[in-house]
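The values are calculated or read from the model by the stated rules, or taken from the named source; none is laboratory data. What you see is a predicted model, and the numbers here were worked out from it, not measured in a lab. Neighbour counts are summed over all protein chains in view; Cβ atoms, including those assigned to glycine, are modelled from backbone coordinates with ideal geometry. Accessible surface areas use protein heavy atoms only, side chains included; no ligands, DNA or RNA. Shrake-Rupley method; radii C 1.70, N 1.55, O 1.52, S 1.80 Å.
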Amino acid sequence: MDAINAAPDYSPTRSTIKIKTGVYDEILSIGKEKWNLTFLGEGVNKTIITGNRSNIGEFRTSESATLAIEGDRFLVQDITFQNTAGPEVRQAVAVRSSSDYSVLYRCRIIGFQDTLYTQLGIQFFRDCKIYGIVDFIFGHAKVVLQNCYIFGRQPQEGQPITITAQNRDPINISAIVIDNCIITASTELRNSKFPVKVYLGRPWSNYSSIVVMQSFLDTFIDPKGWLD
C-alpha cells in the first residue's frame, strides 16, 4: 500500500509497481484516483498477495477483497491473489474490480465463495487461473475471460458448485463472457469423498447474461448446465 499511495493521482501516463518474490499478507486498495497503474509480479508461484477477510463479522462482501481495484485502466501481470477465509464463512472475495478498462494477465485468483467480483466497468482477463466454489465469478461488469483455466474446488458436503452469477438491469447491459477457456475440477475436487453437483452458474437477477463459447467443459459439470 505504501507504493500504491506514492503513485500519482489521476495520472494520464502509466506508473509501474514491481512486486518481488514473496508472500505479502496485506489488503490492497487501488483508489478511484489511481489511474493507469500497473502491477508486475515475478510469477504466480512467486509473488503472492494473501488475505482472509469475509463478510462474517465487520466486513461486507465488497469489503472482504484481498485486492480492490477502483482506479481506471489498471493492469496486473504474473501475481497470485488469494482469500484463505475458507468455505465455511461464505462470501470472501479475492479480487474485486470496478475499474474501467482493467486487465488481469497471467494471474491466479484463489478463493472459495465469491472469489472474483467483477463489480462494474469493462474488464478483460487473459491466461488467468480462477479457483472457487459458489458464485465464484460474479458481478455487474462487462467482462471477458479468455484463454483462462476455471477450477471448481472442494466444497462442504451437500454444497453445490456454481461457477458464475451475473447481475444486470435492462438498461445497463452487461455480461460475463467465457471464451476459449477450460472449465475443470481441481485435484481436491476430483478426489472428493462425496458427490458434488457442479453447474455453470445461476441467475442473480431477471436479466442475468452469461456466455460460454468455444470452451472445454469437463465431465464433472451437471448436464443440466444451469441451476435455477
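Any of Lys18/Lys142; Lys20/Lys197; Lys32/Lys224 with alpha carbons more than 32 Å apart? Name them for me. Cα-Cα > 32 Å for Lys20/Lys197; Lys32/Lys224; rest within. Taking all protein chains as they are arranged and a probe of 1.4 Å, the heavy atoms of Ile171 leave approximately 140 Å² accessible to solvent. Against the set (i) -0.40, -1.11, -1.26; (ii) -0.69, -1.18, -1.21; (iii) -0.33, -0.95, -1.09, the structure's computed log10 I(q)/I(0) by the Debye sum over Cα atoms at q = 0.09, 0.15, 0.16 Å⁻¹ falls on (iii). Counting only aspartates and glutamates at least 8 places from Lys193 when in the same chain, those with an alpha carbon closer than 17 Å to its own are Glu157. Label point of Ile171 set 7 angstrom out along Cα-Cβ; within the range 48-78, no amide nitrogen lies under 14 Å from it.
Each residue of the range 202-213 is assigned a 3J(HN,Hα), and the resulting list reads 8, x, 9, 7, 5, 10, 3, 10, 9, 10, 10, 9 Hz, derived from the Karplus form 6.51 cos²θ - 1.76 cosθ + 1.60 (θ = phi - 60°), x at Gly and Pro. Assuming R0 = 30 Å, can you tell me the calculated FRET efficiency for the pair Arg14 and Asp218, based on Cβ-Cβ distance, to the nearest 0.05? So the FRET efficiency works out to roughly 0.20.
Taking a ≥ b ≥ c as the square roots of the eigenvalues of the alpha carbon gyration tensor, the range 152-222 is oblate, as a/c is not under 1.5 and a/b does not beat b/c. Summed over the residues of the chain and divided among them, the accessible surface reaches 47 Å² per residue at a probe radius of 1.4 Å. Taking amide hydrogens as placed 1.01 Å from N in the peptide plane, the amide H of Ser208 sits under 5 Å from those of Arg168, each at least 5 positions away in sequence or on another chain. Summed over qualifying helices (DSSP H, 4 residues or more, each -39500 (n - 2.57)) and divided by its residue number, the chain shows a 222 nm mean residue ellipticity of -500 deg cm²/dmol. Computed in the context of the full set of protein chains, the accessible area of the chain at 1.4 Å probe radius has 50% of its extent on carbon or sulfur. Trp226 contributes an accessible area of around 100 Å² to the protein surface, as traced by a 1.4 Å probe with all chains present. Between the amide H of Lys197 and those of Ile161, distances stay under 5 Å, these residues lying 5 or more places away or on another chain, with hydrogens modeled in the peptide plane. Rounded, prolate or oblate: pick one for the range 77-140, where a ≥ b ≥ c are the square roots of the eigenvalues of its C-alpha gyration tensor, a/c under 1.5 means rounded, and failing that, prolate if a/b is larger than b/c, else oblate. Judged from the Cα gyration tensor, the range 77-140 comes out oblate (a/c at least 1.5, b/c at or above a/b).
With the simple model of a label 7 Å out from the Cα in the direction of the Cβ, Asp25 to Glu58 spans 1.7 nm.
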